[in-house]
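Comments concern the structure below.
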Amino acid sequence: MSNEIKEKVGFLDRQMTRRQFLKISGKSLVGLTVAGSMLSLFGCTQEDIDKGLVTTWAMPQGLLVVNEAKCTGCERCELNCTLVNDGVVSTHIARLKLSRNLHIYGDKGMYNNDFTYFPDTCRQCEDPWCGNACPVQAIVTDDRGIRVVDEAKCVGCGACVEACPWHMPTVNPETKKSSKCIACGACVEGCPSGALEIVPWDAVTAAAQDIV
Amino acid sequence: MATYGWAGTILRIDLTTGEITKESSEKYQKYIGGMGIGYRIIYEDVPLNTHPFDEAAEIVAAVGPLTGSSVPCSGRMNFSFLSPFSRGNSIVDAHMGGHLGSRFKFAGYDAVVVRGKASKPVYIRINDDEVAIEDASHIWGKGTFDSNRILTEELGRDYQTASIGPAGENLVNYSTINTSVGNSGGGGIGAVMGSKNLKAFAVRGTGSVKIADPLKVKELNEYMLTELIGGNNNHNVPAVPQSWAEYSAVGGKNRWSGAPGRAWLKAEGGPIDAGEQPHYDMNKIAYRCNKGVFDFGEVSLNYTIKVGGCSSCPIRCYTQYDMDPLADYDLPTHVSNTCVPVIYGTKYYTNGIKDFKYKGDASVIINGANARAMDDLGVWCNYSNLNRDFNWLVTSGKIHEVIPKEEVDSLPWEWEKNGDPRWVVEILRRVAYKEGELGIGLGLGTYEMVKRWNLGKEFYDREDPNNQNITYNGYPKHHANEDTGQVGLLFNLMYNRDCMTHHLVNVTGSGAPYEVSKATMEGFFGPGCYDKKKAFTPMNRNKAKLAKWAFNGKQFHDSATLCNWMWPMTQSPSKERNYVGDLELEAKFMSAVTGKNYTQADVEFDSERISHLLRGMTAISFYDNLGETNLRLTHDAIPDWIFDGEADFEAFEEGATKMDRDDMNLALDMFYEELGWDKETGIPTRATLEKFDLGDLADDLEKRGILPR
């Protein structure tokens, strides 16, 4: 196979893999038997998956794997998110949400005598609740397929925050503009425990082929 | 108005009148923040002969320009107040980690000043601009875990809270404020809050910390996290060999204890192995510290769920446990702690302890019971003086002289004999509720206890593993001469509580070969500054300069705020850097965050201003409250055991940690000289104070006749 064809096939494979994962994106992997090669990519065990601790999200640059058993609650994901995207530091406007889960979420969190806490991340929905709800069409799809807020259009009404079932967007009280995850990866790069990880599509594809 | 770094506003709350006001923090920015702002405000507002529990006494809860700025290890906060427990009742701090400090910044405040006394139990609720004094009668009487939980349930999970427990409510000198996660601040802050009927702080901040140069901060963060940061206490080599590392700890043990094969065995979903943590891999840093393994050995892993700690810090020095054997005694099983509450709990058991479920787990479980009970009751241990004083009381038989027989007999001694975890909980309960002579005496703190029970000067002077008192003021050493000879002893004498200074123990305990650390230290501070442990040499000028650097640097950390367990970045784990850190990183971060151009000399100058303020305020307290005019002979007096212990050794002999009296006098001379203090009295001169814009302090000293001539 010429290099050109190889690259083309590789690209198609990656697209296939991404599409397959988009179907299960955001759902916990409970009920799936995951091959050893994939488990080692995700840095987790089949037991983690069976217990619903591992969730994956299809992102342009790869598969985002969130493992709550590894999250140590340092908030660096939130601090890096805002440092990089807003030029200020805040937990409230961070595009992923850890600190709100530290103490109480459902029957878990520190105050329920439970050391589980984890970062909620944007689901990157194929049919986005946030974008659909925006009255001024300020949430647009960029060339990577990610929904981003066009700040010039955003009126800060908060319809996206309400519409998102997980309330992931936040209207920044200082700028009065909504912010949502743009899949920049700053949170993952700075996670000191690997609780957030992006596995590149090439690696996912290779592991997926092992299964086949 | 918000500026880069600083939030820009100081909040003032008078609990007597209910008045809430705001003012600009700008004029205090030369005191950096945290401790510096706290000391300056108390100096200006509160006569230093005010009783710590008086309505006129103030608590300054403060953070600094780097708090919540994303700079690694910037999650701590500081409370300044007059000490209820130590001799002279002068200025002290409670230092607390967790997630509360950054929320003050996000809500828009550099400091919150609380004075007065509420007519009924209250808590302070801050929701950005909205500040309210709220009724706390429903949580008064409850432990800190319940109090924090109830406040969060009521107010919403965006709030961060910290509460005092029964010990603080009952005005026990040994009392703390606690967050949800086991973070606490001590020094008697609980009782000072209790005296104001103030149960808790609850803070929600939706704003941000403004950063002058975000790209530079990101770049410096990554530089620090890949080239400079080590494990807990910034230990710069792993405890056991890792394939990427040239060295591992001499003796196989330090606080970079995470290693392949060491797994969090109770992690949800099954064991999580620490693996290797090459210094350049930012996504593995959280596995470096496994404090449980450092404290108890690998047996602790059987109870480990994960690790935790403060906001912004990648070094997770809190091990988070589920100690299921405690359930058999109807005690809570979830424990999260890092410091002495989870290390010296066994001191309460004079007959030894017994294993529970695994070989060697006795200490894990007993310490878990101790830590959880201390945090819930809000009891402070004064860096384990409480534990040592109790142990001494029982083992010396003194308990039978100072405690009525009926009360001694009322203690459940069979629990002590059987190593039952309820024993320590019962002792702490008596302290928190001032129950009986034992509870009252221990809870007063060493200084007042010695007076109450007529234990005399010899209590401080005796050579005994249970005596770690470093002055006659009622607090123990916190890494002193046993680590760095005169240098460590000098800064241990400077505060009105245990010094909490880790600048040097972080190097001596790092695990790196002595010659490697010595090259780094002498590179920074010149020849002869850094002795090998237990092979100390006589005093020299570079040691005095090193002690001054550590003393001033501690003030910077509690003001900026940065964690003094991790900062400064003295050493590095990188072979390419010859294991040399970057002491100027503090100034680089200050410049990038605040937009003001700081050199490291500027940082040290502003920090030294706080040192002089501490010293001047201490001099005033000692004069006003005790009539004493000479800090060198009183505040800084060193108990005999430091010089006369280790009878088989002479000072400076290999193997000795003891010091020599004449040499230590020379050390004080040199140290005072370096700081511009009078050698005879150890009090700052007018020239020194004016150099640091503290002319008003010089006037105050002069008025009392204690300004050096």
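The values are calculated or read from the model by the stated rules, or taken from the named source; none is laboratory data. Please read all numbers here as calculations on a predicted model, not as lab measurements. Cβ sites come from the backbone with ideal geometry, for glycine too, and all protein chains shown count toward neighbours. Only protein heavy atoms, including side chains, enter the accessible area calculation; ligands, DNA and RNA are left aside. Shrake-Rupley method; radii C 1.70, N 1.55, O 1.52, S 1.80 Å.
Computed quantities for the displayed model
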| read-out | value |
| --- | --- |
| Among B:MET539, B:ALA592, B:LEU633 - extreme Cα towards positive end, dipole of segment B:529-648, charges at beta-carbon | B:ALA592 |
| Those residues of segment B:570-596 whose amide nitrogen sits under 16 Å from the label point placed on A:GLU174, 7 Å along Cα→Cβ | B:592-596 |
| Solution diffusion estimate, µm²/s, Stokes-Einstein, the protein assembly as shown, Kirkwood Rh from C-alpha pairs, 4 °C, viscosity 1.567 mPa s | 46 |
| Sites B:VAL250 and A:GLU162, calculated FRET efficiency, Cβ-Cβ separation with R0 56 Å, nearest 0.05 | 0.40 |
| Span from the segment B:156-191 Cα centroid across to the segment B:319-381 one, whole angstrom | 19 |
| Diffusion coefficient, µm² s⁻¹, Stokes-Einstein with Kirkwood Rh over alpha-carbon pairs of segment B:9-204 at 25 °C and 0.890 mPa s | 152 |
| Share antiparallel - DSSP beta bridges, segment B:1-136, percent rounded to 5 | 85 |
| Mean separation of Cα contacts under 8 Å (6+ apart) over length of chain B, as relative contact order % | 15 |
| Prolate/oblate/rounded call for segment B:188-263, Cα gyration tensor, a/c under 1.5 rounded | oblate |
| For B:516-527, mean number of other protein chain Cβ atoms within 10 Å | 0 |
| Interchain or long-range residues, amide H under 5 Å from B:VAL307's placed H | B:GLN320 |
| For chain B, fraction of C-alpha pairs farther apart than 40 Å, in % | 26 |
| Segment B:128-175, dipole about Cα centre (Lys/Arg Cβ +1, Asp/Glu Cβ -1), debye to the nearest 20 | 380 |
| Computed over segment B:381-525, Kirkwood Rh from alpha-carbon pairs, angstrom | 17.3 |
| 222 nm mean residue ellipticity, helices alone, for chain A (DSSP H n ≥ 4; -39,500 (n - 2.57); rounded to 500) | -9000 deg cm²/dmol |
| Simple Cβ-charge dipole of segment B:9-204, Lys/Arg +1 and Asp/Glu -1, about Cα centre, in debye nearest 20 | 420 |
| Residue-normalised accessible area of the protein assembly as shown, expressed per residue, 1.4 Å probe, Å² | 33 |
| Equivalent ellipsoid semi-axes, segment A:114-212, via Cα gyration tensor eigenvalues times 5, rooted, Å | 29, 18, 13 |
| Where B meets A: accessible area buried, both sides, 1.4 Å probe, Å² | 4200 |
| Residue-averaged beta-carbon neighbours from other chains (10 angstrom radius) around B:326-337 | 1 |
| Amide H partners (placed H, <5 Å) of B:SER24, local residues excluded | B:ILE10 |
| No Cys partner within the rule (Cβ under 4.7 Å), chain A | A:CYS44, A:CYS71, A:CYS74, A:CYS81, A:CYS125, A:CYS134, A:CYS154, A:CYS157, A:CYS164, A:CYS184, A:CYS191 |
| Of all DSSP beta bridges in the protein assembly as shown, antiparallel share, percent nearest 5 | 85 |
| For segment B:481-703, Kirkwood radius (reciprocal of mean inverse C-alpha pair distance, Å) | 18.4 |
| Candidate aspartates and glutamates - alpha carbon under 19 Å from B:LYS533, same-chain residues fewer than 8 apart omitted | B:GLU482, B:ASP483, B:GLU515, B:GLU522, B:ASP644, B:GLU646, B:ASP648, B:GLU650, B:GLU653, B:GLU654, B:ASP660, B:ASP663 |
| Chain lengthening between B:LEU633 and B:ARG661 when straightened (0.36 nm per residue, less Cα-Cα) | 8.8 nm |
| Segment B:189-259: trypsin sites (Lys or Arg not before Pro) in DSSP loop, at most 10 other beta carbons within 10 Å | none |
| Listed residues A:ALA94, A:ASN80, A:CYS160: farthest to the positive end of the dipole of chain A (Cβ charges) | A:CYS160 |
| Cα gyration tensor of chain A - equivalent ellipsoid semi-axes, whole Å, descending | 29, 24, 15 |
| Inter-chain Cβ neighbour average for residues A:39-48, partner chain, 10 Å | 2 |
| Charge dipole of the protein assembly as shown about the Cα centre (unit charges at C-beta), most positive-ward option of B:SER80, B:HIS138, A:CYS122 | A:CYS122 |
